[in-house]
Amino acid sequence: MSNRPRFLPRRYSDSADPEIRDAYRRLHAPQGAGSLERRRFLQGMLAVGGLAALSPSLLANDRVAAAPGAAPADPILILLYLSGGNDGLNTVIPQDDGRYFDRRGSLAIRSSKTHRVGDGLYLHPNLSRLAKRFDKGKVAIVNGVGEPTDDHSHFVSTARWMAGTAAPSPWFNGWAGRYLDGAGLDELGGIAVGEQGVPLVLQRPVGDAIAMPTWVSGLFGSDYRERNRNRGTYDALRGIDPAAIGRGPRAAQIAATTAGAIATASQLGRVFDPEIDEDDHLLRDAKLATRLINLDVGTRVLTLSMGGYDHHAAQRPEHDDFMRSLDRAIDHIFDHVRPAIRDRLVLMTWSEFGRRPDRNGASGTDHGTANSLFIVGNKVNGGLYGKQPSLRKLDDRGDLRHHVDFRSVYATVLD
């Protein structure tokens, strides 16, 4: 049995729901698929970042900061996926509406610590840091967001949100991936942080994106030390002249790749010094994302994911704790990015659907439709947008009616 504390979010690839696991497999490309050279390059840039932590002036060097297709002042977007279907009614709470308490029963949030945002709506009490940013006009809350088919399927809904279309399958690339191609960005333009591989949302018609796993200390060569017993092997591999081994171009490529991997991995540990030792996987990934952003090597879209939101049973107190984790992760990113970059940063949360307004018989909520999402940033025009769905006028399935097409949110973010 895992000793993971109950409140820590799960990776959605580890979900008990087979549909979510299937969606994970089908909507993500493997981390290493055809991108060994690109991963080596990213690792090399990360090693430079580790050195820059010791010498901040290095980041001012144009050779480090510049990247093909990216201008120094271009905005940076973080897409934070709440996998499984976040309960929007317990995130942005219609606390002034008695029907909310009638339908939710014991699942309803009855707290004096919720934060009023207007129109009878309140933020979950564990989103206290986000509430402070909202009060400063740095958070836009978009209510009543959905996709036209209001599909209850994890896979179909997630695929449509990632692809940015209501069209039927197949889906070959994502809305952010198409943006990256249109902007002429190289493979560093889009990075998926975490263990999930490259999600469909970053997959591009022409170019490539990179998956950056949080745990990299086990890379071959990362333990290169003066007294390490493998030092001789590393030195021998690094010393091979690819052009002189006489076994053809493929062998030369492998030799060069191996030598380069050892060289970069031996430096890569510097960026994890101090090591990112964090049990909360979302906060750990957020810390790595922040370090990547601070390198400013041309990355314009990053993805993060937080699993476990498919709360069909025993929803509380786990969902409450997820809100606390989400709050900490967002706060860490904006508090730790370099001041020169902070105004360029925008973070958007999203989930494949919301939950039904009525509590089910297992103290949980089932797949629903309309939901709320957050857009956070210093340059965001904060406030309430969209329209909170009525708890009185449900659709024929007993779901909330969405009023905002998710594609219009994307269009606004891209503008």
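Can you work out the PRE-style zone for Asp102? Point 7 Å along Cα to Cβ, and I want the residues of region 345-376 with backbone N under 18 Å. Inside the label zone: 356-360. Close amide H contacts of Gly386 (hydrogens built in the peptide plane, cut-off under 5 Å, sequence separation of 5 or more or a different chain): Asn143. Backbone phi angles across region 377-390, fed through the Karplus curve with coefficients 6.51, -1.76 and 1.60 (θ = phi - 60°), yield HN-Hα couplings of x, 4, 9, 6, 7, x, x, 9, 9, x, 8, 5, x, 6 Hz in residue order; Gly and Pro are listed as x.
Remark on Ile76: its backbone amide H falls under 5 Å from those of Leu345, Val346, a criterion applied only to residues 5 or more positions apart or on other chains, H modelled at 1.01 Å from N.
For Asp119 and Asp415, what does the FRET efficiency come to when R0 = 25 Å and r is the distance between their Cβ atoms, rounded to the nearest 0.05? List each step's numbers first, then the result.
Values: r = 25 Å, r/R0 = 0.99.
The formula returns an efficiency of 0.50 here.
Backbone phi angles across region 344-349, fed through the Karplus curve with coefficients 6.51, -1.76 and 1.60 (θ = phi - 60°), yield HN-Hα couplings of 8, 9, 10, 10, 10, 8 Hz in residue order; Gly and Pro are listed as x.
What FRET efficiency comes out for the pair Arg407/Ser111, r = Cβ-Cβ distance, R0 = 45 Å, nearest 0.05?
It comes out at approximately 0.85.
Beyond 26 Å in Cα-Cα separation lie the following of the pairs Lys113/Lys287; Lys113/Lys138; Lys136/Lys393; Lys132/Lys393; Lys138/Lys393: Lys113/Lys287; Lys136/Lys393; Lys132/Lys393; Lys138/Lys393. With a Förster radius of 60 Å, plug the Cβ-Cβ distance of Ser390 and Thr257 into 1/(1 + (r/R0)^6) and report the FRET value to the nearest 0.05. In this case the efficiency is close to 0.55. Of the solvent-accessible surface of region 257-415, computed with a 1.4 Å probe and all protein chains present, 45% belongs to carbon and sulfur. Within the full protein context, the accessible area of Glu352 is estimated at about 10 Å² for a probe radius of 1.4 Å. Our coupling estimate for region 147-160, obtained by passing each phi through the Karplus curve with A = 6.51, B = -1.76, C = 1.60 and θ = phi - 60°, is 10, x, 7, 6, 7, 7, 7, 4, 5, 5, 5, 4, 4, 5 Hz, Gly and Pro reported as x. Annotation: amide H of Gly364 within the under-5 Å range of Ala314, Gln315, sequence separation 5 or more or interchain, hydrogens built in the peptide plane.
The values are calculated or read from the model by the stated rules, or taken from the named source; none is laboratory data. Here the structure is a predicted model, which is why all the values come from computation and not from measurement. Note: ideal-geometry Cβ built from the backbone for every residue, glycine included; neighbour counts use all protein chains shown. With ligands, DNA and RNA removed, areas are computed over all heavy atoms of the protein, side chains included. Shrake-Rupley method; radii C 1.70, N 1.55, O 1.52, S 1.80 Å.
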